[in-house]
Each structure stands twice: as structure tokens, then as C-alpha cells.
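The values are calculated or read from the model by the stated rules, or taken from the named source; none is laboratory data. Please read these numbers as outputs of a predicted model, since none were measured by experiment. Here the Cβ is made from the backbone with ideal geometry for all residues, glycine too, and neighbour counts use every protein chain on show. We work out accessible area using only protein heavy atoms, side chains counted, and drop any ligands, DNA or RNA first. Shrake-Rupley method; radii C 1.70, N 1.55, O 1.52, S 1.80 Å.
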Amino acid sequence: MSKGIISKSVIRRLPRYYRFLGELEEGGYVRISSRELAEKMGLTASQIRQDFNCFGEFGQQGYGYNVRELRSQIGNILGLEKKNPMVLIGAGNLGRAIAAHINFADRGFELVGIFDVNEEIIGKNVGNITVQSIDEIDKFCTENKPAAAILCIPKNSAEKVSDKLISCGVRAFWNFTHYDIRFSHPDVIVENVHLGDSLTILSYCLNSVCEK
Ligand code: NAI
């Protein structure tokens, strides 16, 4: 379906399309034109057509897009039908919040294990998963082959832990630490999340003229 390598900026818009189309579907929409979709999403119709054209023909000239079909195709592009096994490292404040609030199944993942170093946390349950000692990670990876990991540990532990996970076969990181994993592992897939950066953008937009 895809016409080659898709730019990261297009990929970054896809989850929003996916979420938005889900809301339209729930609201009873069957078809929508690129113009109407653009108006609702605050984008331009040509931007939307360009984005969808990266993946092949989605709509039909004059008929618009079938909402359910389009959402399902975007879901396939995002790989959401897969359930890649994922581990969470660090069951502190942030780790527990992520485990409780993220719907992994809807995002193409399955949370299969949670690890920490703190004896007071090890053995406790987070949701329906029992926190294990990080010392068990080798054995766990051999048995469960997680493809991805969420890092919610202090920055000073991140290098050692990410090196270990990569040596155990983990290929992708949802990285909340401020450690740059790709500096020493340029081939791994990393999605860095910095809530503080997002807040800084809000500050900029509050104090300057900013695109809506
Ligand atoms: P926390 O102190 O509540 O939790 C950290 C947990 O990691 C603790 O349970 C600790 O025992 C565990 N841990 C430490 N070393 C470990 C190791 N080697 N292996 C396994 N577990 C280990 O801290 P919090 O608030 O949950 O923050 C976690 C990390 O996320 C910090 O690096 C913090 O700076 C970062 N953070 C990032 C945000 C972002 O937007 N990127 C937002 C909030 C926090």
C-alpha cells in the first residue's frame, strides 16, 4: 500500500487522523470529504489528500472517504493490528501512571512485564502484572521476547539498562528518560517523550505569535 519511505511528519499526523476518524465513526459518519475532514481537524484539504496519497488511493474522487475503511487502513499502516510484546522498566510514579492509563492493545502493543530495582515494589501488582526484579530481565526476555521497552527510570540508570535490553533483543524504546539511547545505538528505534518540551512550546505560543 505504501509508496516507499514515508516522512516522519506524515507519520506523526496519522495517530490524530486515526483518533479523529474513530470519533466520527462513533458519531455515525459513514463518508467524509477531504474538505469537511480538513475543516473539522483544522488542516487544509490538500494537506490531507497529500498525506493519504503517500499510502495509495484511499478515497474516490467526488465521493470522499469511507470513514470506517479509512480508519482501518490507517490502523494497518500504524501496525495496530499487531500486539508487539513490551516491557516497562521502572514502576515509580510515571511508570505506574503509564501502566494504568495507556491502552496498549489499541496502540499495537501488549504490556507483558514490569521491572524495578526497589525491593519494596518488586512482588507488588501494577494492574494485573506483578513487578519483577530487573535481575530477571535476561531470563524474561529469552522466554517472552519483548520487542519494545518503556523506560521510566532515572537518567543515570538508563545507559546500563538500555544496553542490557538491546543485548536481550529489544529493538524499540518509548523513552521517558533524558538519556539519548541512539547516541550509542543508532540502529534502535526510539520515541523520546518530553512533557516538559511540550509545555515549553505552550510557553512560546503564549508569549509569541504561533500557528494555531
Ligand atoms: P520515580 O523515582 O517515581 O520512579 C523511578 C523508578 O525506577 C523507581 O521505582 C526506581 O526504583 C526504578 N529504578 C531505578 N533504577 C532502576 C533500574 N536500574 N532498573 C529498574 N528500575 C529502576 O521517578 P518518576 O517520577 O516515575 O520518573 C521516572 C523517570 O522519568 C525519571 O528519569 C524522570 O526524570 C522521567 N520523567 C520524564 C518525563 C518526561 O516527560 N519525559 C516526565 C516525568 C518524569
Residue satisfying condition, being at pLDDT below 90 and surrounded by 11 or more Cβ atoms within 10 Å (Cβ to Cβ), within set 22, 62, 56: 56
Qualifying positions in the stretch 1-19 - open to solvent by 60 Å² or more (accessible area, probe 1.4 Å) and assigned to a loop (DSSP other than H, G, I, E, B): 1, 2, 3, 5
Residues (touching a residue at least 12 places away in the same chain (Cβ under 8 Å), farther than 11 Å from residue 64 by Cβ and not small (Gly, Ala, Ser)) located in the stretch 21-42: 21, 24, 25, 40, 41
Among the residues listed as 81, 69, 36, the single one being acidic (Asp, Glu) and surrounded by 15 or more Cβ atoms within 10 Å (Cβ to Cβ): 36
Condition met for residue 172 (of a type in the set (Gly, Ala, Ser), under 17 Å from the mean Cα position of the chain (by Cα) and away from the ligand (no atom under 16 Å from the Cβ)): yes
In the stretch 179-196, residue surrounded by the fewest Cβ atoms within 10 Å (Cβ to Cβ) [restricted to those that are within 15 Å of residue 157 (Cα to Cα) and at pLDDT 95 or above]: 180
Strands (runs of 3 or more DSSP E) (entirely within the stretch 85-165) containing at least 1 residues that are open to solvent by 60 Å² or more (accessible area, probe 1.4 Å) and more than 8 Å from the ligand (Cβ to nearest atom): 109-116, 129-133
Subset tally (residues that are part of a helix (DSSP H, G or I), open to solvent by 80 Å² or more (accessible area, probe 1.4 Å), at pLDDT below 95 and among the hydrophobic types (A, V, I, L, M, F, W, C)) for the stretch 197-212: 3
